[in-house]
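The values are calculated or read from the model by the stated rules, or taken from the named source; none is laboratory data. Worth saying up front: this structure is predicted, and the values here are computed from it rather than measured. Neighbour counts are summed over all protein chains in view; Cβ atoms, including those assigned to glycine, are modelled from backbone coordinates with ideal geometry. Please note that ligands, DNA and RNA were not included when accessible areas were found on the heavy atoms of the full protein model with its side chains. Shrake-Rupley method; radii C 1.70, N 1.55, O 1.52, S 1.80 Å.
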Amino acid sequence: MAPFRPSLSLLSRISAPSKVPLFRDATVLAKPVQIYTSPTHDPYLNLAIEQYLLRNCAKSSAVLFLYVNRPCVVIGRNQNPWMEVNLDRRRRGIPSPSSPSKHTRVDLVRRRSGGGTVFHDLGNVNWSVICPSASFDFDRNRHAEMVSRALRRLGVEEARVNDRHDIVVGPSEKETYKVSGSAYKLITGRALHHGTCLLSSPHLPMVSELLRSPAEGYMQSKGVRSVRSPIRNVELGNEEFIDAVIGEFRKMYEGETPVVDVDTEAAVQATWIAEEMETIQTADWKYGQTPQFTFSTHPTEEDPRRRPPLPEDLPPKLRIHLDVRKGIIDLNSSSISGLRSDEGECAVRIGENDLYDVDAKADKKTLYEIVDWGTALSNPLDLQDPLLFNDTRKVSDWLNKMFGIGPSSM
């Protein structure tokens, strides 16, 4: 027998959402309890609104913000996108569930909170609670438990919070599936706790491939690593979940607070919102904020781990070592060697022969500005050495795949 799930009428909001020009009305932001929903699926706008609420609502207030994003991969503040995401798959898009021959665009987003990498689409709802940091420090599970109660209210009886502050389902501790993670952001006097609840994502079969970088085995990073867990949908609709979470939030904060549907047209005209959106969409933010990492095809003294085998069509003695800080390759400590030429084995210096690099002799090369490793490594003279030219092209193609470089398929 299917679990009982209350109808929408039992979970309906006491008042319908009202269109309030949120960012022009200071009295709304001053209320002790506030509830907002967003009509936009733009992840950059929703994250900018969330940050605005964190920084501008009354310091003693409790705020709930609910929103749904279009397909995107969202990495934590201190994560490495090249290590966490299959950027080549993201660049090409993911097959559309309704038409596998078509591909759906997937945005890459770096949020300001910590935590691991997650996938968003129209089949999950993002919940965010902002409150005084004192109450947050007292119990980090408080609002995850609130969402867990909402799920149980809808018939997901196994929903519970684990010791990692994630919401999981499953018959036992040895057999659990993650349905919502947790990430946090603290500022003076205020705390943000948010998560993404998997409800009915049609792209669930693609998440594992999308969040597994082919370059991971060659990298050592100082960034925060995601903890992989089995995931599944809880098979609920977005609106019934939103209603249930609002109901539990109202119970927790003892009030019939009206729901404000954010006026996104007004929001994008607010200077702070516009500037935040512009910042988090830049390559400098998405990639340039990456903590230091190395990419090496072979064990090193600092990282003696065994590496995955290289493709058989690459030069058998190929050795690549890249030192990268804030998305910038240090050319003095990076090298690519073992390529074959008519005169024997040789090495190439990254950027030295780049026809499009106006400062080819520089000591640094911006990784996320490379549009083709073939351009960064090839020399016109290589055409006179077919063996070197062939090896350079194969190495370049492999590096393009590792770092997700190439034209978009959309």
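Laid out as a table, the results:
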{"read-out": "Per residue Cα convex hull volume in Å³ - calculated over region 193-345", "value": "226 Å³"}
{"read-out": "Cα gyration tensor shape for region 221-305, rounded if a/c is under 1.5, else prolate or oblate", "value": "oblate"}
{"read-out": "Cβ crowding within 10 Å averaged over residues, with 324-334, 163-173, 236-246 ranked highest first", "value": "236-246, 324-334, 163-173"}
{"read-out": "Gaussian network model of the chain, Cα within-10 Å springs - most flexible of Y218, Y177, Y253", "value": "Y253"}
{"read-out": "Percent of Cα-Cα distances greater than 19 Å, calculated over region 152-225", "value": "55 percent"}
{"read-out": "Furthest towards positive pole of dipole, V234, H298, H203, structure part region 189-302, Cβ charges", "value": "H298"}
{"read-out": "Interatomic Cα distance distribution for the chain, bins of 10 angstrom, percent", "value": "4, 20, 27, 22, 14, 8, 3, 0"}
{"read-out": "Length-normalised contact order of the chain in % [C-alpha pairs under 8 Å, at least 6 apart]", "value": "20 percent"}
{"read-out": "Relative contact order (percent, whole number), region 135-261, Cα cutoff 8 Å, 6+ residue spacing", "value": "25 percent"}
{"read-out": "Per-peptide average of other Cβ atoms within 10 Å, ordering 192-198, 178-184 highest first", "value": "192-198, 178-184"}
{"read-out": "Ranked by how many other beta carbons lie within 10 Å on average, peptides 225-234, 116-125 from highest", "value": "116-125, 225-234"}
{"read-out": "Cut-off under 5 Å, modelled amide H: who pairs with K364 long-range", "value": "L331"}
{"read-out": "Inter-part distance where region 193-217 and region 60-98 are each reduced to a Cα centre, Å", "value": "8 Å"}
{"read-out": "Accessible area of region 206-338 belonging to carbon and sulfur atoms, whole % at 1.4 Å probe", "value": "48 percent"}
{"read-out": "Angle in degrees between helix 43-56 and the longest Cα principal axis of the chain, rounded to the nearest 10", "value": "60 degrees"}
{"read-out": "Reachable lysines from K317, criterion Cα separation under 16 angstrom, eight or more residues apart if same chain", "value": "K394"}
{"read-out": "Per residue accessible area of the chain, 1.4 Å probe, in Å²", "value": "46 Å²"}
